[in-house]
């Protein structure tokens, strides 16, 4: 009796490709997630990633401690530095990496950013 039910279940599943399609979808999704995690971890642990975090934090500390009229010159070889005044963030991106790192500052002064060759000049205005 149980064998007949089992054989009927097998016969009903012979043309069923939905299970296989779901398995392939999950498998492809898992591979994409693994690739994304690999690149994220690789970028976070790389030397450029660490340097961009340190550079962003150093610039933010300098901006927060600076008085109006101060001019700060930072060597940014291999990095692109930008400042978003709306969100009050310093954004540092390594030229060889895809991702960027941002760090928030608390200074209420206006900030002017000038890129000159491998240096970034930050002027703290009133």
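The values are calculated or read from the model by the stated rules, or taken from the named source; none is laboratory data. Predicted, not measured: the structure shown is a model, and the values here were computed from it. We place every Cβ from the backbone using ideal geometry, glycine too, and count neighbours over all the protein chains shown.
The table below gives the values:
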| quantity | calculated |
| --- | --- |
| Test set (1) surrounded by 11 or more Cβ atoms within 10 Å (Cβ to Cβ); (2) modelled with pLDDT of 90 or more - residue 38 fails condition number | (1) |
| Count of residues meeting criterion [under 23 Å from residue 94 (Cα atoms) and surrounded by 14 or more Cβ atoms within 10 Å (Cβ to Cβ)] in the range 55-70 | 8 |
| Hits in the range 80-103 (condition: at pLDDT below 90 and surrounded by 14 or more Cβ atoms within 10 Å (Cβ to Cβ)) | 94, 97, 100, 101 |
| Output for the range 105-118, where each listed residue is over 14 Å from residue 74 (Cβ atoms) and exposed (fewer than 12 other Cβ atoms within 10 Å of the Cβ) | 106, 108, 110 |
| Residue check for residue 43: at pLDDT below 80 and within 20 Å of residue 103 (Cα to Cα) | yes |
| Pair list, Cβ under 7 Å, 6 or more apart: the range 21-47 residue free of Cβ contacts under 8 Å to residues at least 60 places away in the same chain, other residue part of a helix (DSSP H, G or I) | 43/49 |
